[in-house]
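Undergrad: First, the structure itself, so that you have it in front of you.
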């Protein structure tokens, strides 16, 4: 066969390969449908929350700033820089991003060389004494055209999975930020209870002094003195016990910000304001606002690509290979002459004829995996709706409970003032004073707990709404390949934590 005929055959093969490369087997991906209610039930007839508008920037970026707490702002900034869970997730995203380049290389041929020098003894072969040497500098290339879209589907699958890791990274950041905010408000609530107990201890000390004076005057009994002492010491123990919880919350916040517990000291404070107004969107927009939903949707897309990859196993594989180079068995000087050239080229086709159901089973496996990811996606959406409704309900109910508890505190303080006057006048026992004091303190502590719960519920509502995140911020395939090459223009798509210098 002449060289021209070989070239003609190769041209036909390449033409056919280019034609079939546009054919991609497998189902076309469609985002799973999920019915969303027109509005959240808790928002109907409730003016506490306003609906977000497209231009509303209240829940974008640094959402924690709506609480107007400088200490919280400072702590939240450290999560993105120093939290080691974030660094681990960011490294896992870079791993997934590198897999895109690995699969993308399947579009191109493999080119290699294997130079060799071989020496042989002529005497052993009857060719006389001495040695003979042969020299070879071969180059080889092989290429498997993407006839049925296997490489394209593999790239698509790796892009989808990388986007899963990107969404997981953002979801982790949001979860850690919300955890820190919840811990911070719990710590402030703890401090408020401690301040309340300290003020109460001061009052109990005055009651103890009053009771001792009445005992010395023969008006009060020894039992009244011991009751006053018991109440004072019990309250002091309760105040001391609050330090256990505070220290643990402070340690947890330190770890969240990437610091050893001994390195962080949060000044004592109090919750300065009520929960801020938080804009909420219609339920259908929630599908684009939560990174965990975006991650589940990308898993569905990756599973859909896996079905196509499994289907390509039913089609033949074409491999084009060629070798060319220089070879001589005389001397090294003749190696670079025209006569030393060698080449070969040809196609190869492989097709599995019988596998006794292996490919069918693999295809069924990928189809079942796809169905499972669709179910997981829809369940994630339902849970997201539930979490928003839960926290809207919690904030509404807690606001009403706070009003009722404030009334209870006022009434308990009035009752305590009346009981104290009756005790001083000798018309009532000290036991009634003690009982009323306990009720007043319990109501005051309950009011603080309700305030803390309202702030935590506000944080959880922001978490349920996605913290202002949007699925459009997920990097696409081209952006992720550019990021891998180190182009700083796209690094804002997935924020990079500060490198660990420890």
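Undergrad: Out of (1) at pLDDT below 95; (2) over 24 Å from residue 213 (Cα atoms), the odd one out for residue 407 is which?
TA: Every condition holds for residue 407 apart from (1).
Undergrad: Could you say whether any residue in segment 381-403 is buried (at least 16 other Cβ atoms within 10 Å of the Cβ), part of a loop (DSSP other than H, G, I, E, B) and at pLDDT 85 or above?
TA: No: segment 381-403 contains no residue that is buried (at least 16 other Cβ atoms within 10 Å of the Cβ), part of a loop (DSSP other than H, G, I, E, B) and at pLDDT 85 or above.
Undergrad: To continue, here is another question. Go through segment 204-215 residue by residue and tally those that are in contact with a helix residue (DSSP H, G or I) (Cβ under 8 Å, 6 or more places away or on another chain) and without any contact (Cβ under 8 Å) to a residue 24 or more places away in the chain.
TA: Looking only at that region, the number is 3.
Undergrad: Within segment 28-60, can you find the residues that are closer than 15 Å to residue 276 by Cβ, modelled with pLDDT under 50 and exposed (fewer than 13 other Cβ atoms within 10 Å of the Cβ)?
TA: Result: 57, single match.
Undergrad: Is it the case, given these coordinates, that residue 169 is in the same structural domain as residue 444 (by TED's automatic domain parsing), surrounded by 17 or more Cβ atoms within 10 Å (Cβ to Cβ) and more than 30 Å from residue 77 (Cα to Cα)? Even if it seems obvious, please write down each step before you answer.
TA: Values: in the same structural domain as residue 444 (by TED's automatic domain parsing): yes; surrounded by 17 or more Cβ atoms within 10 Å (Cβ to Cβ): yes; more than 30 Å from residue 77 (Cα to Cα): no.
So residue 169 fails the test.
Undergrad: For residue 191, indicate whether it is more than 27 Å from the chain's Cα centre (by Cα), closer than 14 Å to residue 69 by Cβ and assigned by TED's automatic domain parsing to the domain that holds residue 104.
TA: yes
Undergrad: Among the numbered criteria (1) touching a residue at least 24 places away in the same chain (Cβ under 8 Å); (2) not in a helix (DSSP H, G or I), which single criterion is violated by residue 427?
TA: Only one criterion is unmet by residue 427, namely (1).
So that you can scan it fast, the table gives a plain yes or no per residue for (1) closer than 25 Å to residue 460 by Cβ; (2) in contact (Cβ under 8 Å) with a residue 12 or more places away in the chain:
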site: 182; (1), (2): yes, yes
site: 217; (1), (2): no, no
site: 255; (1), (2): yes, no
site: 264; (1), (2): yes, yes
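Undergrad: Take residue 413 and tell me if it is assigned to a helix (DSSP H, G or I) and under 30 Å from residue 219 (Cα atoms). Give the steps one after another, and end with the answer.
TA: Values: assigned to a helix (DSSP H, G or I): yes; under 30 Å from residue 219 (Cα atoms): yes.
Criteria met by residue 413.
Undergrad: For residue 256, indicate whether it is farther than 30 Å from residue 205 by Cα and either assigned by TED's automatic domain parsing to the domain that holds residue 420 or surrounded by 11 or more Cβ atoms within 10 Å (Cβ to Cβ) (or both).
TA: Spelling it out, residue 256 is indeed farther than 30 Å from residue 205 by Cα and either assigned by TED's automatic domain parsing to the domain that holds residue 420 or surrounded by 11 or more Cβ atoms within 10 Å (Cβ to Cβ) (or both).
Undergrad: With respect to residue 259, is the statement that it is under 21 Å from the mean Cα position of the chain (by Cα), part of a loop (DSSP other than H, G, I, E, B) and at pLDDT below 95 true?
TA: Against the criterion (under 21 Å from the mean Cα position of the chain (by Cα), part of a loop (DSSP other than H, G, I, E, B) and at pLDDT below 95), residue 259 qualifies.
Undergrad: Is it the case, given these coordinates, that residue 238 is within 24 Å of residue 252 (Cα to Cα), assigned by TED's automatic domain parsing to the domain that holds residue 443 and surrounded by 17 or more Cβ atoms within 10 Å (Cβ to Cβ)?
TA: Values: within 24 Å of residue 252 (Cα to Cα): yes; assigned by TED's automatic domain parsing to the domain that holds residue 443: yes; surrounded by 17 or more Cβ atoms within 10 Å (Cβ to Cβ): no.
Answer is no for this residue.
The values are calculated or read from the model by the stated rules, or taken from the named source; none is laboratory data. The structure displayed is predicted, hence computed values, not measured ones. Heads up, the Cβs are rebuilt from the backbone with ideal geometry, glycines too, and the neighbour counts pull from every protein chain shown.
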